[in-house]
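Where a number appears in this text, it was derived from the coordinates with a stated rule and is not lab data. Predicted, not measured: the structure shown is a model, and the values here were computed from it. With ideal geometry, Cβ positions are generated from the backbone for all residues, glycine too; neighbour counts draw on all protein chains shown.
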Amino acid sequence: MSELIDDLNGDELKPIRDQIYEILRRKIFTSQYNVGKKLIENEIAKQMNVSRTPVREAFRKLEIEGLVEHKPRKGVFVKGLDRSDITEIYSIRSVLEGLAAKNAAKNINDEELKKFKNIISKMKTAIKLDDSELFKRSCIEFNDVIRNASKMPRLHKMISQLKEYTQETREITLSDKNRRRKVVKEHEAIYKAIYNNDSEKAEAVTKEHLEKAKNKFLEATKG
């Protein structure tokens, strides 16, 4: 209970309903609230030491987003994402991240290029050490460099929000050693295109990378 209250006090500038929404959303994305879990309005209100109204408003936002489902006379349940949701999200990410890479190729600076090289080096080290956590962190850093180099802060925010939906898919796809080796090669192709200021190529190879990530997830979860 104290953890929820601490989370709620994290940002006093945001309305309570938005803080509650973000806390619940994060718990769904990180599987602290599993698919099918019943979210009880009164209990969450007591845990967070707030009235039921902002909790109810947070539930509505989560329902609009498709993360929870209200069942008449039964309550509110975590819905999660199915394969068609993931396919749609990857399609949207492909467009947005392709655009980020395209603009990064136009705006990249020497410091950011140096970061790219260091991150790819860390990825190769992670593979040698069979350190999946280091590899995942390096992938996040790689993508952050691209989004920062794009010089498009609104696009950066949109991509970050979408990537939250696919946290679990990354856990599945990057658990495969062969996939991790292929990811390094794909990232090297993206780096090379950006280094050469080839915006069209950067966009194309980024889209190919996301298509392969999507296919790997669908393959791993079929049946």
Most mobile of 93, 73, 60 per a Gaussian network model of the chain (Cα springs, under 10 Å)? 73
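Compute the signed sum of charges (Lys and Arg +1, Asp and Glu -1) over the other residues within less than 14 Å, Cβ to Cβ, of residue 117. The partial results should precede the final answer.
Details: positive: 114, 115, 122, 124, 192; negative: 110, 111, 112, 141, 188.
Here the count lands on 0.
Would you kindly give the portion of the calculated P(r) for the range 24-64 that falls above 15 Å, as a percent of all Cα pairs? Working shown, then result.
On the way: 336 of 820 pairs.
Taking all Cα-Cα pairs of the range 24-64, the fraction more than 15 Å apart is 41 percent.
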Highest GNM mean-square fluctuation, the chain, Cα pairs closer than 10 Å: which of 125, 173, 87? 125
Return the whole-Å distance between the Cα centroid of the range 169-199 and the Cα centroid of the range 35-52. 41
With Cα springs under 10 Å, the Gaussian network model of the chain assigns the largest mean-square fluctuation among 157, 74, 192 to 74
